[in-house]
1. Identify, please: which residue in the stretch 137-163 is part of a loop (DSSP other than H, G, I, E, B) and under 17 Å from residue 29 (Cα atoms) and is, among those, farthest from the chain's Cα centre (by Cα)?
2. Looking at (1) closer than 23 Å to residue 31 by Cα; (2) part of a helix (DSSP H, G or I); (3) in contact (Cβ under 8 Å) with a residue 40 or more places away in the chain, which is the only condition residue 86 fails?
3. Kindly establish whether residue 5 is modelled with pLDDT of 90 or more, within 21 Å of residue 124 (Cβ to Cβ), buried (at least 18 other Cβ atoms within 10 Å of the Cβ) and touching a strand residue (DSSP E or B) at 6+ places or on another chain (Cβ under 6 Å).
4. Take residue 35 and decide whether it is in contact with a helix residue (DSSP H, G or I) (Cβ under 7 Å, 6 or more places away or on another chain), more than 18 Å from residue 147 (Cβ to Cβ), buried (at least 22 other Cβ atoms within 10 Å of the Cβ) and in contact (Cβ under 8 Å) with a residue 12 or more places away in the chain.
5. Can you tell me which residues in the stretch 169-196 are touching a strand residue (DSSP E or B) at 6+ places or on another chain (Cβ under 9 Å) and either at pLDDT 90 or above or surrounded by 11 or more Cβ atoms within 10 Å (Cβ to Cβ) (or both)?
6. Given (1) under 16 Å from the mean Cα position of the chain (by Cα); (2) within 25 Å of residue 88 (Cβ to Cβ); (3) crowded, with 17+ Cβ neighbours inside 10 Å; (4) modelled with pLDDT of 95 or more, where does residue 128 come up short, assuming only one miss?
7. Taking the stated definitions as given, is residue 166 part of a loop (DSSP other than H, G, I, E, B), modelled with pLDDT under 95, in contact with a helix residue (DSSP H, G or I) (Cβ under 9 Å, 6 or more places away or on another chain) and at negative phi?
């Protein structure tokens with residue numbers, strides 16, 4: 001059983017500190033602006049909470065992130081959704097049997113590992129894009145690792161959908177967060193153009 005609470009709270013703090021003038025800025029996800037990334041975080045928080053509670057929709061995939069979906073009050077709404085995501089995975093039975101997210105069915109612990117990977121890596125994405133301090137707690141890194149290990153080498157099926165780039169090689173003494181980020185196809189050295 002994984003505790004998503006610290007990762008969800010860290011991402012919530014990052015969300016609250018995004019400035020309006022940063023919404024159009026690029027992120028380490030080449031297809032996403034900061035606003036698009038926030039919309040994605042909003043959507044994944046709802047989806048993974050529903051998966052923990054077995055209230056899946058059976059959809060074929062997540063909607064395309066678009067910053068235009070953000071409504072007034074998103075700095076409060078997204079953190080509340082992230083809190084609910086963490087709470088859902090702490091409820092009795094959350095880790096039993098199978099569940100589903102975006103049309104993908106797997107054992108509940110595997111789905112939770114995907115959720116942890118999303119929280120940690122998108123927390124890093126958002127921090128880097130907005131000049132905040134990236135970080136991850138040990139429980140989040142541990143929870144994300146099983147999914148990251150399944151991504152496989154360049155060209156593997158899980159990398160073909162566009163959400164994960166080819167793995168980026170990191171130094172042998174790189175931190176656990178840099179290794180996770182690299183495994184997800186991000187360059188740990190990426191910084192926003194405004195910070196260069």
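1. Only one residue fits best here, namely 154.
2. So residue 86 meets the others, but not (1).
3. It is false that residue 5 is modelled with pLDDT of 90 or more, within 21 Å of residue 124 (Cβ to Cβ), buried (at least 18 other Cβ atoms within 10 Å of the Cβ) and touching a strand residue (DSSP E or B) at 6+ places or on another chain (Cβ under 6 Å).
4. For residue 35, the condition - in contact with a helix residue (DSSP H, G or I) (Cβ under 7 Å, 6 or more places away or on another chain), more than 18 Å from residue 147 (Cβ to Cβ), buried (at least 22 other Cβ atoms within 10 Å of the Cβ) and in contact (Cβ under 8 Å) with a residue 12 or more places away in the chain - is met.
5. If the condition is that a residue be touching a strand residue (DSSP E or B) at 6+ places or on another chain (Cβ under 9 Å) and either at pLDDT 90 or above or surrounded by 11 or more Cβ atoms within 10 Å (Cβ to Cβ) (or both), then 192 is the only one that fits.
6. Here residue 128 meets the rest and fails (2).
7. Working: part of a loop (DSSP other than H, G, I, E, B): yes; modelled with pLDDT under 95: yes; in contact with a helix residue (DSSP H, G or I) (Cβ under 9 Å, 6 or more places away or on another chain): yes; at negative phi: yes.
Criteria met by residue 166.
The values are calculated or read from the model by the stated rules, or taken from the named source; none is laboratory data. Keep in mind it's a predicted model, so treat the numbers as computed, not measured. FYI the Cβ positions are ideal-geometry reconstructions off the backbone, even for glycines, and counts take in every protein chain you see.
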